[in-house]
Amino acid sequence: MKERLEELKQEALQRVREAEDVKQLQEVRVAYLGKKGPITEVLRGMGKLSAEERPVIGQLANDVRGEIATAIDTKQEQLEKVALEAKLAEESIDVTLPGRPVQQGGPHLLTKLIEEIEDLFIGMGFEIAEGPEVEQDYYNFEALNLPKGHPARDMQDSFYITEDLLMRTHTSPVQARTMKNHEGRGPVKIICPGKVYRRDTDDATHSHQFTQIEGLYVDKNVRMSDLKGVLDTFAKKIFGQNREIRLRPSFFPFTEPSVEMDISCKICLGSGCSVCKQTGWIEILGAGMVHPNVLKMAGFDPKVYTGFAFGMGPERIAMLKYGVDDIRHFYTNDNRFLKQFHNA
Ligand code: DAH
């Protein structure tokens, strides 16, 4: 029995030495020290031994179990240490590697400019108004003094959806809608930024979809000089304090009189260059005094109320302000273009 125990011990220790991982070691533990293992087997046969031999063999069996258990524990610690070291080595972070930069986004140039213009007009007491992009013919044209068949409708080639519904060609219908909501009582002092649509062929200066900002101020005693003051403040804030504005007579069916506003050219400061086509002036927006018919149709009494309105294109303003030479840059989302304006 002694030899058998000695043999089992050597065998077990050999397997402990050979175990390559914790799992194999666990198998050795179960095989030699478990209830069904060979040592238990030996102990079971102790009944046949003499009374003197029994404690000796019992002691020996316990020693063998102890030695195997210790060997297993020691080996387990070793294996765990090796495994941990391997894992740490594998997961180690090389802090000297250059980092991967996180791309930072920013608002689109047009969004920023529109917000800047909004803030500026809010500062002058205007409120933001909105209207639908799919608009009724009535609000897009008729309520703006452009009855069916009016030749000026041709100036704005439209995307019609049905006979009475179209993609709005300008933000001016929001004027008519907002005035109507006021039920004939002023003041109405709004700007309406938004998308508009025209049946144009896209090129460097045309787009079938673009943005506009409409302005409207209706109250008692609103005069042309109020319009001029507001537009002058706008032009100086957006383009610089050294800019002058000039109002030229023009025509819009919804205003009378109508004007176009120019700003002095920033390149030549008014003396004439190729950007301003030698005129010293650059056209920025259309404006005028709200036509009495428009006031009337929206429920305002033109004998009591007067007002001014204006409409501008943020794309054009951005192109002039930042020297963008193609309107399509605003819509193609080339990050190399957009990124330039993140801190503008
Ligand atoms: N709606 C005009 C356009 O799209 C712009 C415009 C001109 C708006 C004069 C106005 C205005 O309110 O008074 O061309």
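Where a number appears in this text, it was derived from the coordinates with a stated rule and is not lab data. What you see is a predicted model, and the numbers here were worked out from it, not measured in a lab. Counting neighbours? That spans all protein chains shown, and the Cβs are built from the backbone with ideal geometry, glycine included.
Below is a table of values for the structure above.
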quantity: Phi to ³J(HN,Hα) by Karplus 6.51 cos²θ - 1.76 cosθ + 1.60 over segment 274-279, Hz, x for Gly, Pro; calculated: 6, 5, 9, 6, 6, 8
quantity: Residue among Gly37, Gln24, Ser50 farthest towards the positive dipole end of segment 2-90, charges placed on Cβ; calculated: Ser50
quantity: C-alpha long axis of helix 2-18 to longest principal axis of the chain, angle in °; calculated: 20
quantity: Set of aspartates and glutamates with alpha-carbon distance to Lys48 below 18 Å, sequence-local pairs under 8 removed; calculated: Glu3
quantity: For segment 100-134 versus segment 1-47, the gap between their alpha-carbon centres in whole angstrom; calculated: 79
quantity: Unit charges on C-beta of K, R, D, E only; dipole of segment 1-94, Debye; calculated: 700
quantity: Set of aspartates and glutamates with alpha-carbon distance to Lys266 below 14 Å, sequence-local pairs under 8 removed; calculated: Glu244, Glu283
quantity: Part-to-part distance (alpha-carbon centres) for segment 229-306 and segment 325-344, which is given in Å; calculated: 27
quantity: Thr205 long-range amide H proximity, modeled H, under 5 Å; calculated: Ile327
quantity: Helix-only CD estimate at 222 nm, as mean residue ellipticity for the chain, using -39500 (n - 2.57) per DSSP H run (n ≥ 4); calculated: -12500 deg cm²/dmol
quantity: Charge dipole magnitude, Cβ of K and R +1, D and E -1 - the chain, Cα centre, debye nearest 20; calculated: 620
quantity: Table column - 3J(HN,Hα) (Hz), segment 300-316, Karplus curve with 6.51, -1.76, 1.60, x for Gly and Pro; calculated: 9, 7, x, 7, 9, 10, 10, x, 10, 9, 8, x, 9, x, x, 4, 4
quantity: Label-to-label distance, nm, for residues given as Gln78 and Arg17 (7 Å Cα→Cβ offset); calculated: 1.0
quantity: The chain - share of DSSP beta bridges that are antiparallel (%, nearest 5); calculated: 95
quantity: Cysteines without a disulfide-compatible neighbour (Cβ-Cβ under 4.7 Å), the chain; calculated: Cys192
quantity: Long-range HN-HN contacts of Glu135 with modeled amide H, under 5 Å; calculated: Leu166, Met167, Arg168
quantity: Sites Glu90 and Val30 - FRET efficiency at Förster radius 41 Å, r taken between beta-carbons, to 0.05; calculated: 0.90
quantity: Table column - 3J(HN,Hα) (Hz), segment 34-42, Karplus curve with 6.51, -1.76, 1.60, x for Gly and Pro; calculated: x, 4, 9, x, x, 6, 4, 4, 4
quantity: Members of Lys2/Lys23; Lys236/Lys303; Lys9/Lys36 lying beyond 24 Å, as alpha-carbon distances in this model show; calculated: Lys2/Lys23; Lys236/Lys303
quantity: Mean separation of Cα contacts under 8 Å, 6 or more apart, over the residue count of the chain: relative contact order %; calculated: 15
quantity: Added length on full extension, which subtracts the Cα-Cα distance from 0.36 nm per residue, Phe159 to Tyr138; calculated: 6.1 nm
quantity: Residues with amide H under 5 Å from that of Arg199, placed H, sequence gap 5 or more; calculated: Asp157, Ser158, Phe159
quantity: Per-peptide average of other Cβ atoms within 10 Å, ordering 52-59, 318-325 highest first; calculated: 318-325, 52-59
